[in-house]
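Visitor: Take this structure, written in structure tokens, and hold onto it; I'll ask about it next.
The values are calculated or read from the model by the stated rules, or taken from the named source; none is laboratory data. Remember, predicted model here, so these are calculated numbers, not experimental data. Positions of Cβ are backbone-derived with ideal geometry, glycine not excepted, and every protein chain shown enters the neighbour counts. Calculation scope for accessible area: heavy atoms of the full protein, side chains included, ligands and nucleic acids excluded. Shrake-Rupley method; radii C 1.70, N 1.55, O 1.52, S 1.80 Å.
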Amino acid sequence: MKKLLALGLTVGLLFSSVPARADAQWPQWAEDAKLWAEKVQIDDSFLSSPEAAVTREQAVQLLYEAAGRPEVSALPPFSDVSGEYAAAVSWAAEQGFIKGCGDGTFRPHDVLTRQEFASVLYQKAGAPHVSGSELEAFSDASDIGAWAEDALLWCVKTGLLSGRDGGLMAPNDDITVAEAAAILQGADELPDFAQMAEDLNTLTQKTRPVGSEGEAAAASYLQERFASMGYEVTLQPYTGADGAEGSNVIALKKAQSPDADIMVLSAHHDSDPSAYGANDNASGVTALLAVAEALKDVPTDTELRFISFTDEENGKNGSRAYTASLAEEEKELIIGDIQFDMLGGLGSSDMGLYTTDGEGNWITELIRQTDSTLPLAAETASDHTSFQLAGIPSVMLMQNGRGYLYHSAADKADQIDLCAVANAVRLTVKTAEKIASEQTPSYWETAREQGNGYTYRQLRQTVIYFGSSLADSEAYIGASGELSDHYEIEGNGWVDEYDIYLYSMRWFDGEEPMNTYYRYRNGFLEGIEIHPEETGYTAEQVRDMICAMYGEPASSETAEDGSVREGWEDPIYSKYISLSEQDGACVVSVGNYSVGLSNVLATYPVVDSEAEIENPQHKAVWDYLCSILSKEARARIGEFNLYTDGYSNVLAFTSPMHREDGSTDNSSFSISIDYYDVYDENGNPRDWSKLTYTILHEYGHALLEDHTQIDLSVGENTHDPAGFIEGSFRKEFYDKFWKDLGDTAVGDYEKNPTNYVSRYGANYFHEDIADTFAVFVLGGKPTGSTIAEQKLDFFWNDPQMVGLRTEIRANLGLAD
């Protein structure tokens, strides 16, 4: 979109003069704006006529007064400006967000339209990069001037401007005093976009895994930024289990009382080893800095702690080290934590609230007083979990969906929507101001009741990673246990050590906790037993609860001693639940249950790039694939399958088709997508940004494993380098980047993570080249020189690949 004008724009732009409509009655929707205008001392001459149209000179005066009437030394640069508005016009011209009309005049008495006012504010904010399709929702979008598209889009995305009745943007309607005041109030609450861009760019110059130069540089930068705001800043040294050293950065705004409540606002500044980590999580750190900036001068009766953690990516270890370091008296004073993680990533949507188990607490209630539309869901994969583990109520603000470039080498600053970051900042500042205000009561009693009495709720949707370590298991579920037993079993030259950890958890939607025993064999989770009767449940009650969640048992058997054992299968979330009952006592066992990749739900032949599908949900997935890949691109697809191996296992896979004689035909491929990674058990869509990436990854297999790339008469299969055709894209990529690595590069990844666009790609060559293709399509042109970026450049240097990228991005609505 073109960015051509601020206020004044170009010669030839016409304005009509409209007389003011005096009306002292402010509309109800603008009452808060009137109070704000009075607070910042907007002149009464404006406020007395809320429905009056705003002229150009009045608009500038409004901005000038909202800015606190800065001192001005220069004279107005326009021949037709003098008198009471001269200082305001001079100030705005000096700031660079207004221009004249091209003939030395300003036309101060001309009335301003909604899109012109939006353009003024956009230029005042520094004309930040903006993208999105939000304007398409307005029925009169075609009336928006090309010069105003970015400005209006920015205003809509930041919530400054909304449509009028009937789904109209009304870009050419006059802006009224009431509208202008409401928009300026919103703008006053926005963070500095230029500063956010600077923070984001600085943090993402290098990858930032714990122990790296990039992580140390990020910690140093944060220390300087917080100190420049006047905070008391300390670095808390951290050493990981592998010896990697990093720092938690802690900035304090103390309250007068040493026994004051303590509120934590947090993020994590480390990144995945292969990623620049703009989305995960420089975006969250940028939000944290902006919130700190907004609150630095706010009076508070609550101590505010701004903390950026290291080593979140390996299991929230930096934040767990922090909470473990707290003295009990200090921990008792902490009333809550708000964590920022992954905001504004490409392909994500909106923002949500997340707690460890999806249940609300006093913080979510307070946040929803400002925005009641925010969805609430369960998520344990960030540092808020460490606080909840420590008995401190917590919540995470995060985008909905992981985004296209999650943990990839293309997760860079230019892919982040700063409007989403700004919205998180504004919401959090309003919430923190309520907490900090001397006019609000202490939240300590509620926080202690919710925190000290917190019992983790094990959801049906919670994935239990059998085979994971104690630390990882507790990080996944967001609960900590206590060692209740240890024993050893010896065999012929071997010894197995077993540790049993006791957790108090709510299961099967029960209100009361159940004693839950996790059994770790040689340090890794092997099985789970629940003893409901230890906390007062009867076998009948437990059976009814399990049946309410899973239906009738899939199996039932009665032993000679009269004991009954019933089993429930959960192929969606990979669990097998068994209930053993005897004489009124019962034990529930939870184990791993996997149906494998052979569990095909539906198969659809693809003929001439089309598939006939009646099931609406299956068809929606196929149609989405078709919306990304053109008919010509789909010519490589001969079959489309929906299968499942359970949620969060293998999302999709691709394989060459088989001829009738049993031979392999790599001119056509079967693409299989896991239904339950696309939809939940109720048929609701999950994260389709992840699906987008997966479709491109799987198409990368078909594109780069076909008969033009691999001769199957030579090699054993599509993964055998012996069959790679000389001169093909695949062969040249292999020779340049993989020839000396062998079958897998997992070991090399640990030493050289920036050689790969993602951790997953290091598993095998065929995954690396397919992942590189997906990142090439979804990310920007690389500016660095890592091996991963050289791989991306390899694609960029091929005109056919660049053309395919342009086509796919157009289908996705992404700018090329």
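Visitor: So what is the relative contact order of the chain, in percent, for Cα pairs below 8 Å that sit 6 or more residues apart?
Guide: About 8 percent, as a whole number.
Visitor: Shifting gears a bit: In Å², what does the accessible area per residue of the chain work out to with a 1.4 Å probe?
Guide: Accessible area per residue: 42 Å².
Visitor: Let me ask another. Roughly speaking, what % of Cα-Cα pairs in segment 374-456 are separated by over 18 Å, rounded to a whole number?
Guide: 61 percent
Visitor: Same structure, new question: Between residue 606 and residues 5 or more places away or on another chain, which pairs have amide H atoms under 5 Å apart, with H built 1.01 Å from N, and which residues are they?
Guide: 639, 640
Visitor: While we're on this one: As a check on your grasp of the helix formula, calculate [θ] at 222 nm for the chain: sum -39500 (n - 2.57) over DSSP H runs of n ≥ 4, divide by the residue count, round to the nearest 500.
Guide: -10000 deg cm²/dmol
Visitor: I would also like to ask the following. Just to be sure I understand the model, the point goes 7 Å from the Cα along the line to the Cβ. What's the resulting residue 597 to residue 239 distance in nm?
Guide: Calculated label separation equals 4.3 nm.
Visitor: For a quick protection proxy, order the peptides 211-224, 796-809, 339-352 by their average other-Cβ count within 10 Å, most packed first.
Guide: Ranking the peptides 211-224, 796-809, 339-352 by packing returns 339-352, 211-224, 796-809.
Visitor: On the Cα set of the chain, report Rg and Dmax in Å, please.
Guide: Values for the chain (Cα only, Rg and Dmax): 29.8, 104 Å.
Visitor: Also, quick follow-up: Using modelled backbone amide H atoms (1.01 Å from N, in-plane), which distant-in-sequence or interchain residues come within less than 5 Å of residue 575's amide H?
Guide: 570, 593
Visitor: Hey, another quick one. Full-extension gain between residue 547 and residue 463, please, as 0.36 nm times their residue separation minus the C-alpha to C-alpha distance.
Guide: 28.3 nm
Visitor: Here's something else I'd like to know. Sorted by packing (mean other beta-carbon atoms within 10 Å per residue), highest first, where do 29-37, 313-321, 85-93, 547-555 land?
Guide: 313-321, 85-93, 29-37, 547-555
Visitor: If R0 is 22 Å, what FRET efficiency do you get for residue 298 and residue 325 from their C-beta distance, rounded to 0.05?
Guide: So the FRET efficiency works out to roughly 0.20.
Visitor: Another question about this same structure. List the trypsin sites (Lys or Arg not before Pro) within segment 709-769 that DSSP assigns to loop and that have no more than 16 neighbouring Cβ atoms inside 10 Å.
Guide: 739
Visitor: Right, here's the next one. Residue 472 versus residue 726, label points 7 Å from Cα toward the beta carbon: distance in nm?
Guide: 4.4 nm
Visitor: Ok, one more. Between residue 719 and residue 41, take the C-beta separation as r, use R0 = 60 Å, and let me know the FRET efficiency to the nearest 0.05.
Guide: 0.25
Visitor: For residue 404, enumerate residues with amide H under 5 Å from its amide H, sequence gap 5+ or separate chain, H modeled in the peptide plane.
Guide: 346, 347, 348
Visitor: Hey, got the dipole for the chain? About the Cα centre, +1 on K and R Cβ, -1 on D and E Cβ, debye to the nearest 20?
Guide: 2680 debye
Visitor: Taking the Cβ of residue 94 as the centre, find all other residues whose Cβ is under 15 Å away and add up their charges (Lys, Arg: +1; Asp, Glu: -1).
Guide: Spelling it out: positives minus negatives among the neighbours equals +2.
Visitor: Can you tell me how much longer the chain between residue 806 and residue 438 gets when fully stretched, taken as 0.36 nm per residue apart minus their C-alpha distance, in nm with one decimal?
Guide: Using 0.36 nm per residue and subtracting the Cα-Cα distance, I get 126.9 nm.
Visitor: Where in segment 475-534 are there chymotrypsin sites (Phe, Trp or Tyr not before Pro) that are in a DSSP coil and have at most 14 other Cβ atoms within 10 angstrom of their Cβ?
Guide: When the chymotrypsin sites (Phe, Trp or Tyr not before Pro) of segment 475-534 are filtered for loop state and at most 14 Cβ neighbours within 10 Å, 494 remain.
Visitor: Here's a follow-up. Send over the semi-axes of segment 131-202's equivalent ellipsoid, whole angstrom and largest first, taken as the square roots of 5 times the C-alpha gyration tensor eigenvalues.
Guide: Taking √(5λ) for each eigenvalue gives 24, 16, 10 Å, largest first.
Visitor: Same structure, new question: In nm², what is the average projected area of the convex hull enclosing the Cα atoms of segment 332-491?
Guide: Its average projected convex-hull area is 12.8 nm².
Visitor: Sticking with this one: For residue 793 and residue 400, calculate 0.36 nm times their separation in residues minus their Cα-Cα distance, and state this gained length in nm to one decimal.
Guide: Working it through step by step, the gained length comes to 138.4 nm.
Visitor: Let me ask something additional. So for segment 67-123, averaging the separation of alpha carbon pairs under 8 Å that are six or more residues apart and normalising by length, what relative contact order in percent results?
Guide: Result for segment 67-123 is 33 percent.
Visitor: Here is a follow-up. What is the dipole size for segment 586-659, taken about its Cα centre, with +1 at each Lys and Arg Cβ and -1 at each Asp and Glu Cβ, in debye to the nearest 20?
Guide: 180 debye
Visitor: Filter the GluC sites (Glu not before Pro) in segment 658-747 to those in DSSP coil with at most 15 other Cβ atoms within 10 Å of their Cβ, and list the result.
Guide: Hits after loop and neighbour filter: 660, 681, 716, 726.
Visitor: Taking a ≥ b ≥ c as the square roots of the Cα gyration tensor eigenvalues, with a/c under 1.5 meaning rounded and otherwise prolate when a/b beats b/c, else oblate, which class fits segment 401-502?
Guide: oblate
Visitor: Right, here's the next one. Could you pull out which residues in segment 674-704 have an amide N less than 18 Å from a spot 7 Å beyond the Cα of residue 648, following the Cα-Cβ vector?
Guide: Counting only backbone N, you get 674-691.
Visitor: Using C-alpha positions alone, give me the convex hull volume of segment 43-151 per residue in cubic angstrom.
Guide: Cα-based convex hull of segment 43-151, divided per residue, equals 125 Å³.
Visitor: For a Förster distance of 35 Å, can you work out the FRET efficiency between the beta-carbons of residue 781 and residue 686, rounded to the nearest 0.05?
Guide: 0.70
Visitor: Treating each Cα of segment 482-529 as an identical point scatterer and ignoring solvent, apply the Debye formula and state log10 I(q)/I(0) at q = 0.16, 0.24, 0.27 Å⁻¹.
Guide: -0.50, -0.84, -0.95
Visitor: Considering the options 191, 222, 235, tell which one lies farthest towards the positive end of the dipole of segment 186-268, charges being +1 on Lys and Arg and -1 on Asp and Glu at the Cβ, about the Cα centre.
Guide: Final value for the positive-end residue is 235.
Visitor: May I ask which of 254/434; 253/430; 39/434; 124/157; 731/751; 331/434 have a Cα-Cα span longer than 23 Å here?
Guide: Pairs exceeding 23 Å: 731/751.
Visitor: Measuring from label point to label point, each 7 Å out along Cα→Cβ, what is the residue 227 to residue 95 span in nm?
Guide: For the pair residue 227/residue 95, the computed spacing is 3.1 nm.
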